[in-house]
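For reference, the structure is listed below as structure tokens.
Please treat every number below as a calculation from the coordinates, not as lab data. From a predicted model like this one, the values you see are computed outputs, not experimental measurements. Glycine gets a Cβ as well: all are built from the backbone with ideal geometry, and neighbour counts include every protein chain shown.
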Amino acid sequence: MLTLLCTLLPRRSVLVTFHSGGYPSSPAGRRARYWSFAGFVFRRLDGLIGVNPEQMRFFERLGTAAARTRLIPPYSVPRIKSGGPLLPVLERFFADYSPCLLSVGLLEPEYDLPLQVLALGKVREKFPGAGLILIGSGTLENRIASLVRSTEYAAHILVAGDVPHEMTLRTMAACDVVLRTTWYDGDSISVREALHLGVPVVATDTGMRPPGVRLTPIADLDALVCAVNSCLETRAERPAIKCATGTENLEAVARFYRDLAGEKPGRAGR
């Protein structure tokens, strides 16, 4: 309704970025068709940005004109200043534990963080010095902290809370494996950032992972441990970052806005 209202404003171009990566496969998304309310509203837009190929097929199904849509992944990775310091608590953790696993996300049920805590115990059977850093906050913070304290390897797990983005990227660059063990997920920005930095990623297979991620079944502890151990056993020199600036996606969004700003007011068919 809000989007429809925006399209009714005179002499205005309207662009929407549709960030719900899994919406097309949801019950509501599967019900949406050309003559649905969503189809009617989306066809009125001057610009529509999707964040994965599934969304682009969804837009096509609703009858949106291809010339008005763009596929732009929802992330950018700024350059990391070489040699920048970490937070003291992170510096100490990396000094005390190696290899280090990292998870970046909300402390919520969908992220299946207890699975990561249990996995670390099994990973330590082969890599006794291994540690796990959990970056993020959420409703399960106290529960996760309690679970960590109940383990025999509590000292090997750091529940770091929220960490500034640049510091998170430095932490990511210093770790050995990034974990993403969600029950459900869209196009995870932290996964994209890790791949950009050349860090191995082990993630549950939600159908939306980019190339280069080592996939495991959802909630499968043994598969997760096996994948992490494999990454740690085959550690190699990290590839050079392919992205020139890390902000190409932001630049693509800006170009889309500039293109719309240069168009004459009004929409096709109105």
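Data overview
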{"quantity": "Fewest-first sequence of LEU15, LEU115, LEU5, LEU101 by Cβ atoms within 10 Å of each Cβ", "calculated": "LEU5, LEU15, LEU115, LEU101"}
{"quantity": "Sequence-distant residues sharing a close amide H with GLY131 (under 5 Å, placed H)", "calculated": "SER98, CYS100, LEU101"}
{"quantity": "Note, ³J(HN,Hα) from phi for region 201-211, Karplus 6.51, -1.76, 1.60, rounded to Hz, x at Gly and Pro", "calculated": "10, 10, 9, 5, 7, 9, x, 10, 8, x, x"}
{"quantity": "Student exercise, region 88-233 dipole from Lys, Arg, Asp, Glu Cβ charges, in Debye to nearest 20", "calculated": "220 debye"}
{"quantity": "Positive-end residue of PRO88, SER146, LEU115, charge dipole of region 88-233 with Cβ unit charges", "calculated": "PRO88"}
{"quantity": "Using θ = phi - 60° and Karplus 6.51 cos²θ - 1.76 cosθ + 1.60, couplings along region 216-232 (whole Hz; Gly, Pro as x)", "calculated": "9, x, 5, 6, 9, 4, 4, 5, 5, 4, 4, 5, 5, 4, 4, 4, 6"}
{"quantity": "Normalised contact order of the chain, rounded percent, pairs of Cα under 8 Å and 6 or more residues apart", "calculated": "20 percent"}
{"quantity": "Furthest towards positive pole of dipole, THR3, GLN55, THR247, structure part the chain, Cβ charges", "calculated": "THR3"}
{"quantity": "For region 88-233: relative contact order, % (alpha-carbon pairs under 8 angstrom, 6 or more apart)", "calculated": "25 percent"}
{"quantity": "For TYR34, TYR75, TYR111, order by how many other beta-carbon atoms lie within 10 Å, fewest first", "calculated": "TYR34, TYR75, TYR111"}
{"quantity": "Amide hydrogen neighbours beyond the local backbone of ILE218, cut-off 5 Å, H modeled", "calculated": "ASP205"}
{"quantity": "Only Lys, Arg (+1) and Asp, Glu (-1) charged, at Cβ; the chain dipole about Cα centre in debye", "calculated": "1420 debye"}
{"quantity": "Extension gain from GLU233 to SER146, taking 0.36 nm per residue of separation minus the Cα-Cα distance", "calculated": "28.3 nm"}
{"quantity": "Phi-based couplings in Hz for region 171-177 (Karplus 6.51, -1.76, 1.60; Gly and Pro marked x)", "calculated": "5, 4, 5, 8, 7, 9, 8"}
{"quantity": "Charge tally in the Cβ shell below 13 Å around TYR111, where Lys, Arg are +1 and Asp, Glu are -1, TYR111 excluded", "calculated": "-3"}
{"quantity": "Spin-label pair ARG57/CYS6, simplified geometry with 7 Å Cα→Cβ offset, distance in nm", "calculated": "2.6 nm"}
{"quantity": "Burial ordering of PHE256, PHE37, fewest other beta-carbon atoms within 10 Å first", "calculated": "PHE37, PHE256"}
